[in-house]
Amino acid sequence: SPNQSNMSVDEAIALWPKLEAIGLPLGSPATVNPENKWMINFMQKADDLGLRVDFICVHHYGGKNVQGLLHKLHQVHQRYNRPIWITEFAVADWNAKSTGQNRHSAEDVLKFMEGILPALESLEYVSRYAWFSASSTSKPLGRATLFDENNHLTALGRYYASFQPTKK
């Protein structure tokens with residue numbers, strides 16, 4: 001998308017040492033798919049040049065399939081052999097014409113969250129994760145919001161806020 005960084009692999013690689021110089025833990029670029037051609041090329045070049053990539057950033061806006069996301073994370077970890085930070089994830093319906101026509105109900109999304117959070121806690125290679133809460137009026141993501149239109153926690157938000165992670 002023209003609203004994103006829209007940068008070639010070579011441009012990102014050339015700028016990477018500036019990010020390394022900051023001295024903080026450094027995550028990979030977060031692409032739409034962590035196994036797409038751009039990301040594979042970036043990681044190969046970074047490894048070849050000895051650049052530091054401490055963890056892989058993953059975004060996931062798929063359906064309500066817990067096992068599907070776990071499989072994706074396993075594949076990403078096998079490919080790059082680095083810890084994973086899920087910097088954005090939520091259940092989305094990219095074909096929804098309105099929030100009312102979103103094929104995922106609020107109950108479906110809550111069930112997904114109830115299944116995925118404990119599973120993420122059990123994966124030693126998943127270091128961090130953060131739910132993406134869009135506006136309640138978002139056509140694809142409105143059912144996955146943590147807050148309603150009055151800024152009160154939804155049932156999903158209450159579950160997320162009360163979930164007790166086991167990792168320190």
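Go through (1) modelled with pLDDT under 95; (2) part of a strand (DSSP E or B) one by one and return the number of the condition ALA130 breaks. Condition (1) is where ALA130 drops out.
Screening the candidates GLU149, GLU124 for the property of being assigned to a loop (DSSP other than H, G, I, E, B) and at pLDDT 95 or above yields one hit, GLU124. Within the stretch 15-58, the set of residues being of a type in the set (Ser, Thr, Tyr) and either in contact with a Pro (Cβ under 7 Å, 6 or more places away or on another chain) or farther than 18 Å from ILE84 by Cβ (or both) is empty. For the stretch 145-156, indicate whether the set of residues that are under 30 Å from ASP54 (Cβ atoms), surrounded by fewer than 12 Cβ atoms within 10 Å (Cβ to Cβ) and free of Cβ contacts under 8 Å to residues at least 24 places away in the same chain is non-empty. So far as the stretch 145-156 goes, no, none of its residues is under 30 Å from ASP54 (Cβ atoms), surrounded by fewer than 12 Cβ atoms within 10 Å (Cβ to Cβ) and free of Cβ contacts under 8 Å to residues at least 24 places away in the same chain.
The values are calculated or read from the model by the stated rules, or taken from the named source; none is laboratory data. What you see is a predicted model; the values in this text were computed from it and never measured. Cβ coordinates were reconstructed from backbone atoms using ideal geometry, including for glycine residues, and neighbour counts include every protein chain displayed.
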